[in-house]
1. Among the residues of the range 82-95 satisfying the criterion of being within 14 Å of residue 49 (Cα to Cα) and more than 8 Å from the ligand (Cβ to nearest atom), which is surrounded by the most Cβ atoms within 10 Å (Cβ to Cβ)?
2. If you take the residues in the range 20-39 that are over 12 Å from residue 105 (Cα atoms) and assigned to a helix (DSSP H, G or I), which one is least open to solvent (accessible area, probe 1.4 Å)?
3. Is it fair to say residue 112 is away from the ligand (no atom under 16 Å from the Cβ) and touching a Lys or Arg at 6+ places or on another chain (Cβ under 6 Å)?
4. Could you please tell me which pairs satisfy a Cβ distance under 8 Å, a separation of 6+ or placement on different chains, a first residue in the range 77-93 that is among the hydrophobic types (A, V, I, L, M, F, W, C), and a second residue that is more than 15 Å from the ligand (Cβ to nearest atom) and open to solvent by less than 70 Å² (accessible area, probe 1.4 Å)?
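The values are calculated or read from the model by the stated rules, or taken from the named source; none is laboratory data. These numbers come from a predicted model, not from an experiment. Glycine also receives a Cβ, built like all others from the backbone with ideal geometry; neighbour counts cover every protein chain displayed. For the accessible areas, the whole protein counts, side chains as well, though only heavy atoms, and no ligand, DNA or RNA atoms are used. Shrake-Rupley method; radii C 1.70, N 1.55, O 1.52, S 1.80 Å.
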Amino acid sequence: MVRRITFRNARLAHWLSDFAATLPQNIFERGIMLYDRHRVWDYHASQNGLHASVEDLHNSFYQVEIKWSNAAGEAAELPNPNAASVTCSCASAAHFCAHSTAVVLYWIMRMDRAGTISESETAVDQGDSPAYQALESKMKRLASKATPSVQRLDATKLSSQPELQNQLERMVRQVMTRDQQTSHQPTETSHSSPQ
Ligand SMILES: [Zn+2]
């Protein structure tokens, strides 16, 4: 579970970190939770944007449509989320609601796993840099603890890209806190297919 929000590609991690910084924290947290609980269905991505159905915690489905203003398929270009056209069938007036945030998370994690960003980019960080290894080992320690503690984390020891590391650690803590609070709920194991 924690593994899903580690990145192989530093550029994608930076993009998500920048994106998260533009969102109200509660929306980002809810987006992570929905993503992490496999609430993104009927996902479809094209160069122009994303479409998916997102199931909220009350089992209602919302239709999300995101149109990038630039072509995401161009190798050198990641889309600017602030310039994207975002619609969701929920009542939120926010540019990105929790549902559309979950779709963005789904999209960027798929790109990270698929390595669709060019090899020269991914070669920058394949998860073997000291900073990423330190973060990964922290995640493993956290995951093995019965009571993950905020105090146990010392972000200052992550020398490289401190803001990114902080952001990722916040994400991990948030997800793990949610898991603890809701661990009595059944966890879905199936996932929607991109086809
Ligand atoms: Zn929504």
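1. Taking the range 82-95 first, the residues within 14 Å of residue 49 (Cα to Cα) are 82-88.
Add one more test, that the residue is more than 8 Å from the ligand (Cβ to nearest atom), and what stays is 82-87.
Details: 82: 11, 83: 10, 84: 19, 85: 11, 86: 21, 87: 13.
In this case the residue turns out to be 86.
2. The residue in question is 27.
3. Details: away from the ligand (no atom under 16 Å from the Cβ): yes; touching a Lys or Arg at 6+ places or on another chain (Cβ under 6 Å): yes.
It is true that residue 112 is away from the ligand (no atom under 16 Å from the Cβ) and touching a Lys or Arg at 6+ places or on another chain (Cβ under 6 Å).
4. Cβ pairs passing all conditions: 78/11; 78/12; 78/15; 78/72; 83/68; 83/70; 84/49; 84/68.
The rows are residues; the columns are (1) modelled with pLDDT under 90; (2) of a type in the set (Ser, Thr, Tyr); (3) crowded, with 20+ Cβ neighbours inside 10 Å.
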position	(1), (2), (3)
1	yes, no, no
15	no, no, yes
53	no, yes, no
63	no, no, no
69	yes, yes, no
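Conditions (1) at pLDDT 55 or above; (2) of a type outside the set (Val, Ile, Thr); (3) outside any loop (DSSP other than H, G, I, E, B), marked per residue:
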site: 90; (1), (2), (3): yes, yes, no
site: 94; (1), (2), (3): yes, yes, no
site: 101; (1), (2), (3): yes, no, yes
site: 108; (1), (2), (3): yes, no, yes
site: 111; (1), (2), (3): yes, yes, yes
site: 131; (1), (2), (3): no, yes, yes
site: 136; (1), (2), (3): yes, yes, yes
site: 141; (1), (2), (3): yes, yes, yes
